[in-house]
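Take a look at the structure below.
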Amino acid sequence: MAGQQQDPASAAALSVRGLGKRFGDRVAFQDVTFEIGYGEVFGFLGPNGAGKTTIVRTLGTLIAPTSGSATVAGIPLTPGNGVEIRRRIAVMPESPGLYLRLSVAENLECFADLYGAPDPRERIDRALRAVGLADRAQDACGTLSKGLRQRAALARALLPDPQVLFLDEPTTGLDPSATRDVHDLIDALRQQGVTIFLTTHRLDEAERLCDRVAILNTTLRTIGRPDELRDQLFARTLTVSTLSPLPDPGRVFAGLPAVDGWHAGGPAVYVLTVSDPAVAAPATTRALVAAGADVLSITQSRHSLEDVYLQLVDQDREEEGRR
Ligand SMILES: Nc1ncnc2c1ncn2[C@@H]1O[C@H](COP(=O)(O)OP(=O)(O)O)[C@@H](O)[C@H]1O
Ligand SMILES: [Mg+2]
C-alpha cells in the first residue's frame, strides 16, 4: 500500500494551521490547527453542524479554505496543487454516491477510468478483496444492503492506494454488525500504514479506533489521546462502598497517601479524589480494614470519551446561552 511510500521530506501526513472556512457570513469552522503523523488514525468528533464535513471537503481539495494554511500528504494546500494532492489521498463522503444501477465492479471501473489508474483490473480486484466484496462484484449496487454499499464505497476510496484516507462518518446509519465490519476494515488499513482521518459523532467508535481525537465545535475544543483527555478534564476518583456507614469516615480517609479529598456518594458510599489510584487503593483498603469496616467494593472511576465530549460541548452551549 502507498501508506508506506510517504514523502520523507515531510514528517506530517496532515498539517493544518489556523484553517477556516466561511460561507458568506456563516462560519463553518475557524482557527483549526493540528498535525497528524503518517500511519495515525485520527478521529474528528463533533455534533451536527460542527464543521466536520466542511473540513474533510477542504482538506480533500473539493473546496478552498477562506483562511489559514495546510499541507496534505506533504503538499501545500493551494489551488494549483489540487491534482497532486488528490493523487495521494482519497475521500469517502458521507453518502457513498454510487451508481445504483451499475454493478460494484462497474462502479469501480468508472472511477478507475476517471482518474486514469494504471492496471485498473488488478487494483479493482485488490480493493474488492480488501473489503470482502469479491463475491458480490457483479451485483448491482442498488441491490446491496447499506452496509455492503458502504463497503463498496470504501473499495472505491481504496482504488488509488491513498496515503491519507478521509472517512466522513463511515458508520452512520449502519447496524451493529455492518459497523463492526467497517471498524475491522479500518483496523486492517491501519496495519497497512494508511493514515486515516475519520469524522464521527460516535464516541465509542472514536475510542475504539483512534490513536488521537480532536473535538470540534466550529473551533477546535481539544486534541489528544482519549486517556489524556479524560485525565485533563476529570479528577480521578475511587468509589468505596461498605456494608454499613462508617462511624467517622473523615478519620479513615484523612492523611492517606495519594488521597486528596473525599465526599459521601450515598449512605455507605464514599467518593475519594485521588492523584494516583495505584497508591491510593491499597492504602485505602488497609485503612478501612484497620477501622473494622466491611468493604463491599473499591472501584476506580472511568470517564468515557463521551464524558469528555459532553463536558466540552455542553460548556459551549452554556456559553452560547450567556451571550
Ligand atoms: N455549501 C454550504 N453553504 C453554506 N453553508 C454550509 C455549506 N456547507 C456547510 N455549511 C454550513 O457549515 C456548517 C458546518 O457544516 P458541516 O461541515 O456539514 O458540519 P458537520 O459535518 O460537522 O455536521 C453548518 O452550519 C452548515 O450549515
Ligand atoms: Mg457531516
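What follows is calculated from the coordinates using simple rules that are stated; it is not laboratory data. Just so we're clear, the structure is a prediction, and the values are computed from it rather than from any experiment. Note that each Cβ is placed from the backbone with ideal geometry, even for glycine, and that neighbours are counted across all protein chains shown.
Summary table
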item	result
In sequence order, calculated HN-Hα J values of the range 79-85 (Karplus, 6.51, -1.76, 1.60; Hz; x Gly/Pro)	x, x, 9, x, 5, 5, 5
Amide H within-cut-off set for Met92, under 5 Å, with H built and near neighbours excluded	Phe166, Leu167, Asp168
Mean separation of Cα contacts under 8 Å (6+ apart) over length of the range 93-178, as relative contact order %	41
Length-normalised contact order for the range 115-245 - Cα pairs under 8 Å, 6+ apart - percent	17
Radius, Kirkwood style, for the chain when every pair of distinct Cα atoms is counted (Å)	22.3
Using alpha-carbon coordinates, inclination of helix 176-191 to the longest axis of the chain, degrees	80
Base-10 log of normalised Debye intensity for the range 1-118 (one unit scatterer per alpha-carbon) at q = 0.09, 0.14, 0.16 Å⁻¹	-0.29, -0.69, -0.88
Sparsely packed chymotrypsin sites (Phe, Trp or Tyr not before Pro) within the range 218-318, loop by DSSP, other Cβ within 10 Å at most 11	none
The chain: relative contact order in percent, alpha carbon pairs under 8 Å with at least 6 residues between	19
Equivalent ellipsoid semi-axes, the range 235-300, via Cα gyration tensor eigenvalues times 5, rooted, Å	16, 12, 11
